[in-house]
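Contents: one structure, followed by commentary.
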Amino acid sequence: MPNDPVGPPAVIELRQYTLRPGRRDELIELFDREFVETQEEVGMTVLGQFRDLDDPDRFVWLRGFRDMAARHRALTDFYGGPVWAEHGPQANDTMIDSDDVLLLRPAQDGSGFTVFPSGRSPVGAPAPDRFVAATLWSFPPGRHDGVARIQDGLLPALRETGPAPLAFLTTEDAHNTFARLPVRTGENVAAIFTSYPDERAYRRHLAEVRAHPLAGKILPGVERDVEGDVGRDVAGERTAPPQLLRLAPTGRSLIS
């Protein structure tokens with residue numbers, strides 16, 4: 001196993017891009033060839049790149065930073081540098097919208113991503129046969145009850161019934177100091193990322209978690225009442241139904 005763990009980054013961007021029809025593979029090939037090491041050279045970590053399994057024209061990726069000051073320096077250097085000047089126009093030409101961006105941070109000590117850059121596959125590597133699920137809950141700004149109930153209810157249920165989550169994140173409230181790249185504002189989000197050999201393994205784990213007395217109505221699609229405060233309260237605290245991202249890692253994604 002690689003011996004160079006990085007992390008967890010204190011600031012994470014979850015970026016969801018809507019692309020022009022049929023051009024996702026073009027962007028992924030360009031991204032994995034030109035935008036991985038070159039971003040990391042200026043001070044960020046490219047954590048994961050994914051195909052959205054529910055939308056053939058959606059590309060999802062994550063990158064991490066040591067802190068907000070490091071984020072500002074790294075983005076300034078990269079987007080003002082020669083690599084983006086040369087390849088950015090081609091990347092932008094594949095996109096319809098690139099502004100669906102959440103600024104996140106680990107929700108508690110030890111709940112961020114830990115990755116091994118030396119284990120990254122080379123350019124041109126085939127995509128791994130893995131399935132990554134990202135579930136996002138949205139709560140009213142300034143309210144912490146929902147995030148706390150996920151932490152106290154769902155996380156233990158996940159750990160007791162299957163693989164532990166890769167990360168548990170929540171909204172980073174710091175002001176976006178790099179205005180050239182907008183982020184969603186007024187958000188209060190909790191996000192859990194999990195990884196499985198395939199989607200069947202994910203669904204088996206999901207069924208076990210749904211039956212767990214702590215999980216309640218936290219997970220998408222769970223409508224029945226269960227015992228415990230988690231099940232009764234979280235649904236009423238949400239501002240929208242949970243969002244499930246079904247993701248397939250690209251060949252160079254560290255998260256897989």
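The values are calculated or read from the model by the stated rules, or taken from the named source; none is laboratory data. From a predicted model like this one, the values you see are computed outputs, not experimental measurements. Counting neighbours? That spans all protein chains shown, and the Cβs are built from the backbone with ideal geometry, glycine included. Side chains included, ligands, DNA and RNA excluded: accessible areas come from the protein's heavy atoms. Shrake-Rupley method; radii C 1.70, N 1.55, O 1.52, S 1.80 Å.
Rolling a 1.4 Å probe over the protein heavy atoms of the chain, with every protein chain left in place, gives an accessible area that is 50 percent carbon and sulfur.
Placing +1 on the Cβ of every Lys and Arg and -1 on the Cβ of every Asp and Glu, with nothing else charged, gives the chain a dipole about its Cα centre of roughly 260 debye. Once the C-beta distance of Leu53 and Val101 is scaled by a Förster radius of 30 Å, the resulting FRET efficiency is 0.90 to the nearest 0.05.
The GNM of the chain, with springs linking C-alpha atoms under 10 angstrom apart, assigns the highest mean-square fluctuation among Ile192, Ile150, Ile96 to Ile96.
For the pair Ala174 and Arg73 in one chain, pulling the backbone fully straight at 0.36 nm per residue adds 34.8 nm over the alpha carbon distance.
Using C-alpha pairs below 8 Å separated by at least 6 residues, the relative contact order for the chain is 28 percent. When each of the peptides 77-87, 43-53, 242-252 is scored by how many other beta carbons lie within 10 Å of its residues on average, the order from highest to lowest is 43-53, 242-252, 77-87. Of the trypsin sites (Lys or Arg not before Pro) found in the range 171-200, those in coil by DSSP whose Cβ has at most 12 other Cβ atoms within 10 Å are Arg180. Net length available on complete extension from Val83 to Ala240 is 52.6 nm, with 0.36 nm assigned per residue and the Cα-Cα distance removed.
Computed over protein heavy atoms with a 1.4 Å probe, the accessible surface of the range 148-192 works out to 44 Å² per residue.
Taking 0.36 nm per residue of separation and subtracting the current Cα-Cα distance, fully stretching the chain between Glu37 and Ala148 would add 36.3 nm.
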